[in-house]
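Each remark here refers to the structure printed beneath this line.
Coordinate-derived values only; no laboratory data. What you are looking at is a predicted structure, and each value in this text was computed from that prediction instead of being measured. Cβ atoms come from the backbone with ideal geometry, glycine included; neighbour counts cover every protein chain shown.
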Amino acid sequence: MAKSSFDISANFDSGNIEVVDISNPLQSLLKIRPDTRSAHFQWFHFKASGLHVGQEYSFRLLNASQSSYNKAWTGYQAVASYDHVNWFRIPTQFEGDALRFYLETEQTNAWFAYFEPYSRGRHDWLIEQAQHKAGAELLAVGKSVEGRDVQLLRKGSGAQGRRKVWIIAQQHPGEHMAEWFMEGVIERLQQQDDAQLNQLLAKADLYLVPNMNPDGAFHGHLRTNAMGQDLNRAWQNASPEISPEVFFVQQQMEKYGVDLFLDAHGDEEIPHVFTAGCEGNPGYTPRIAELEERFRSHLKHQTKDFQTIHGYTRDEPGQANMTLACNAVGQKYDCLSLTLEMPFKDHNDHPNPITGWSGKRSMQLGKDVLSTIEAMVDELR
C-alpha cells in the first residue's frame, strides 16, 4: 500500500481532529481537539483522503474517554460521507478509553463526523432563502466575538397585538442538528398554500436566529464560543465582550417582546427527542405548566419523532438554573419557554438504522413544530 498518499485533514469549516499516528493508514490514531479557551470536547469532523477502494479502514479517537460526555459514546455510531452531502452511520465501538469506527471504502475520499455538519456556506444560503423565498426580513444583525454575523430574521409585520414566537438554535456549536431544524422551519415558511401555516402567520410573528454561535461552529467546538463561554450558561450575565451573541439577542427580545421561546439543541447521551421546561423557575405557574403540557401532547401526536417519557430529570420548584436561556426567558417574559433536544444517536422510538437521527429528520421536526405552535397560538397569552 502507498502510505504517502494517505492523509487526514480537518483544516476546514467545523473541522476538528488531531493526528497522533497515521503511519499505518489502516489504523489511524487520532484525538479530538478541545474548544478554544475551554476544556470541552466531543465534536469531531475530518476528511480521509488517499483511500483504497474495498479496503477497511479503522479510526481510533484516543481521548474519547476524557470527552465532556464520555458516557454518551455507548450506543453511538459515527457518521460518514463520500460527498460531504449524504451521510450514513458506520460501525462504531467504545473501547472504554478510545472510540473506534470502521469503513470499508467505496471511494478514495471520505468524511467522518460526530453528526451531519451544517456548514457556514449553507448557513449563508439559508439566510438568503429566508429573505428571498420565505419572505422573512433580516431584522437585525449582531456580531460574534470574532465578528461573524448573528442574524435575526422576522417573518411577519411586527404589528401591535401579534404573538411573538422566538426560535433560536445552535447555542452549543457542535449541535448541528439545531440548524438543520431551523432549515426545516424556513423551508416550510416558503409554502404559499399551507393553510395551517397561514393561520399561524395571520396571528404571529416568527423571530428566528438560525445560528447563535457561528465562531464555535466554524472552529469545530462542542460547547463554547471563541471566548470559551458556554452561551447557554450566559443568560444572567451576558456581556458584549464575553458573550456578545447572547447580549445581542437579549437586546432584541427587550425591544420586541416574547410570547413563546423555543431553544433548539442536541443531546449527546439520550437517544430520544424531548423538551425541557421551566418547572424549577420561581415564576412557574399552572398556566405555564398547562402550556408546556399542551405543546408536548400536540407534538407527540403530530410526529413519531417526539416523545414525553424520556428526558432530563425535572427541576424541583425554585431550583432552576437561571443562567439557561429557557429558564431566563421564561421567567422574564412569563411565557411558554422550552429547550428542544434532538439526539446525536437515533430516536429509539422510531429508529433509522442507516442514518440514525439526521439532518433531514431534524428539518421535518422543525416543520412539525410549526403545526404545534399554530394549534396553541391563541393560548399563549
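Take the conditions (1) in contact with a Gly (Cβ under 9 Å, 6 or more places away or on another chain); (2) touching a residue at least 40 places away in the same chain (Cβ under 8 Å); (3) in a loop (DSSP other than H, G, I, E, B); Leu51 misses just one of them, which is (1).
Among the residues of segment 29-78 satisfying the criterion of being farther than 17 Å from Pro91 by Cα and small (Gly, Ala, Ser), which is surrounded by the fewest Cβ atoms within 10 Å (Cβ to Cβ)? That would be Ala39. Ile288 meets all of the listed conditions (1) surrounded by fewer than 19 Cβ atoms within 10 Å (Cβ to Cβ); (2) free of Cβ contacts under 8 Å to residues at least 60 places away in the same chain; (3) not basic (Lys, Arg) but one, namely (1). Among the numbered criteria (1) buried (at least 22 other Cβ atoms within 10 Å of the Cβ); (2) free of Cβ contacts under 8 Å to residues at least 24 places away in the same chain, which single criterion is violated by Glu268? Of everything listed in (1) buried (at least 22 other Cβ atoms within 10 Å of the Cβ); (2) free of Cβ contacts under 8 Å to residues at least 24 places away in the same chain, Glu268 misses just condition (2).
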